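Chemist: I'd like to ask you about the structure that follows.
What follows is calculated from the coordinates using simple rules that are stated; it is not laboratory data. Just so it is clear, the model here is predicted, and its values are computed rather than measured. No Cβ is skipped: glycine too gets one built from the backbone with ideal geometry, and neighbour counts run over all protein chains shown.
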């Protein structure tokens, strides 16, 4: 069975800050693509599908990439975000940085 996604996923071992209207959440990144990201669901998660968030992908103290995204799926373990259009340069920077920290 082949993956028919528009953009290939890259597994990643990194941290993301999910900025919500009231506070924020730190989560582990499972994988990313040019179109979105899948992250672990924080323990105290109370947000709803369809909401927009600012995601700050943290690679090191000098490399933080911000993207805006909609929450499109949530399970007991994971959250899936779809990046907003018009962020091609930042999404490209995110994918470039994954070369240095991608999971083995």
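Chemist: D for the chain, whole µm²/s, Stokes-Einstein with Kirkwood Rh over alpha-carbon pairs at 25 °C and 0.890 mPa s: what number?
Modeler: D = 178 µm²/s.
Chemist: Between residue 26 and residue 76, what is the label-point separation in nm under the 7 Å Cα-to-beta-carbon projection?
Modeler: Here the answer is 2.5 nm between the modelled labels.
Chemist: For Cα pairs less than 8 Å apart in space and 6+ apart in sequence, what is the mean separation divided by the residue count of the chain, i.e. the relative contact order in percent?
Modeler: 26
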